[in-house]
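Let me begin by presenting the structure, written as C-alpha cells, before commenting on it.
Coordinate-derived values only; no laboratory data. This one's a predicted model, so the numbers in the text were calculated from it and none came from an experiment. Here the Cβ positions follow ideal geometry from the backbone for every residue, glycine too, while neighbour counts run over all protein chains shown.
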Amino acid sequence: MQMNRLTKLVLSVGAVGILAACDPGATAGDDATGEVSGTINVVSREDGSGTRGAFTEITGVLAEDENGEEVDNTYSEAVIQNGTEGVLSAVAQDQNAIGYISLGSLNDTVRGLPVDGVEPTAETVQDGTFPIARNFNIAWAGDLSEVAQDFVDYIQSAEGQEIATEEGYVEAVSDAPAYESKGLSGTISVVGSTSVSPLMEVLSEGYRELNPDVQIDITSNGSSAGMTSAIEGTADIGMASRELNDTEKEKLTFEPIAIDGIAIVVNKNNDIDSLTLEEVRQVFSGEITNWEDVQ
C-alpha cells in the first residue's frame, strides 16, 4: 500500500517527536544558542561549603549589617546543591540557571562566564586579572605522622605543584624543592572540601606511584567538616576551599596547596557576554532576578 504525501508528513513529524521524547537531555530552548530571557534561576552551594564561603566573601554577597555582624545575603529562592556535581548538573539542565564552581572543575557541560570582561582561566587567575579566586588549603592538628608529613612534603614539592598546574590550578609554592621518596608505608585519612578533592585524588595517585605501600583515604564532605575532623583528630589532614576562620587557625596548622578561581557558570545556550563583579553580587543576592536586566 502506498502512502500519500500527507500521511508521510504526519509519520515524519511523529518520528521526530518520539526521538525528542526519548532524549533525556532535550530541554526547551536547546535547539539554538541565543539570548536568554525571563527569571534567573540561581544555583548556590550549601552552608559550610568552602566554595560558598569564598564566593560570598569575594563578591560581597557576604556583608556586614548595621550591627557589624556578617550576613550571607544569598538569594532566598536559590536552589541549593551540596556539591560541585550538583551545581554542574542543575545549570546544564536549565537554560535560565546560573551557578558557581571551582575553576578546576569546569567542564564542557556548562559555560564559564567572563567577569568584568575577563575569561575564567588558570592564566587569568595567575596574573590576577580574574577577580574571583581563593586558596585551596590543607590543615592538621598537632604533629603529623611520618607518612602524613611525607605526603604533605610531596604536595608542596616541585612534583606536587606541577600536578596542580597540570590540573588547571595555579601553584601555591614558588621554587618548590624536588621530592625524595623515603619508601614509607601506612594509611593517611584526608577529609573535607568537595572542590579540593579532585586535585587531592590526583596528588594521591602521584604520591602512591612513588610510595605504593601507602594507602590514602579521601572523603569529600565539605570544608567545615574537614576542619572539624582535623581538629577532632578523626582525620590526619583536612581540606578547605576557603580561608580558615579564627577558631580553626588557633587549633590547626594550615598551608595552601594551590590557587583556584571560582567560575561563574551558565547554561551552554546562554550567550550573555559577561557580568561585572557587582552584577554577580546583585544576581546571587536576589537584587537582579531577570536576565533582561543584565543584557
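Summary table below
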quantity: Kirkwood Rh in Å, taken over all unlike Cα pairs in the chain; calculated: 20.9
quantity: Dipole of the stretch 136-260 [Lys/Arg +1, Asp/Glu -1 at C-beta], most positive-end residue of Thr228, Ala139, Ser157; calculated: Thr228
quantity: Ellipticity estimate at 222 nm from DSSP helix runs (n ≥ 4, -39,500 (n - 2.57)) divided over the chain, nearest 500; calculated: -10000 deg cm²/dmol
quantity: Sorted by Cβ neighbour density within 10 Å, fewest at the top, the residues Met200, Met239; calculated: Met200, Met239
quantity: Spin-label model distance (nm) - Asn73 vs Glu201, 7 Å beyond Cα toward Cβ; calculated: 3.7
quantity: The stretch 115-219: trypsin sites (Lys or Arg not before Pro) falling in loop per DSSP and having at most 15 other Cβ within 10 Å; calculated: Lys182
quantity: Distance from the stretch 76-106 to the stretch 246-271 (C-alpha centre basis), Å; calculated: 15
quantity: Neighbourhood charge, 12 Å Cβ-Cβ cut-off, centred on Gly183 and excluding it, Lys, Arg +1 and Asp, Glu -1; calculated: -3
quantity: Principal axis dimensions, largest first and in whole angstrom, of the stretch 199-246 by Cα; calculated: 36, 20, 17
quantity: FRET efficiency estimate (nearest 0.05) - Cβ-Cβ, Asn107 to Glu255, R0 45 angstrom; calculated: 0.95
quantity: Separation of the Leu277 and Leu184 label points, Cα + 7 Å toward Cβ, nm; calculated: 3.9
quantity: Charge-dipole axis of the chain as Lys and Arg at +1 and Asp and Glu at -1 on Cβ define it, positive-most pick from Leu203, Gln95, Leu275; calculated: Gln95
quantity: Dipole magnitude of the stretch 136-260, debye to nearest 20 (Cβ charges: Lys/Arg +1, Asp/Glu -1, about Cα centre); calculated: 340
quantity: Cα gyration tensor, the stretch 188-282 - rounded (a/c under 1.5), prolate or oblate; calculated: oblate
quantity: Helical segments meeting 15 Å axial Cα length and Kyte-Doolittle 1.6 threshold in the chain (DSSP H); calculated: 5-22
quantity: D_trans [Stokes-Einstein, Kirkwood Rh over alpha-carbon pairs] for the stretch 136-260, 37 °C, 0.692 mPa s, µm² s⁻¹; calculated: 232
quantity: Dipole magnitude of the chain, debye to nearest 20 (Cβ charges: Lys/Arg +1, Asp/Glu -1, about Cα centre); calculated: 1320
quantity: Debye, to nearest 20: dipole size of the stretch 182-252, +1 on Lys, Arg Cβ, -1 on Asp, Glu Cβ; calculated: 60
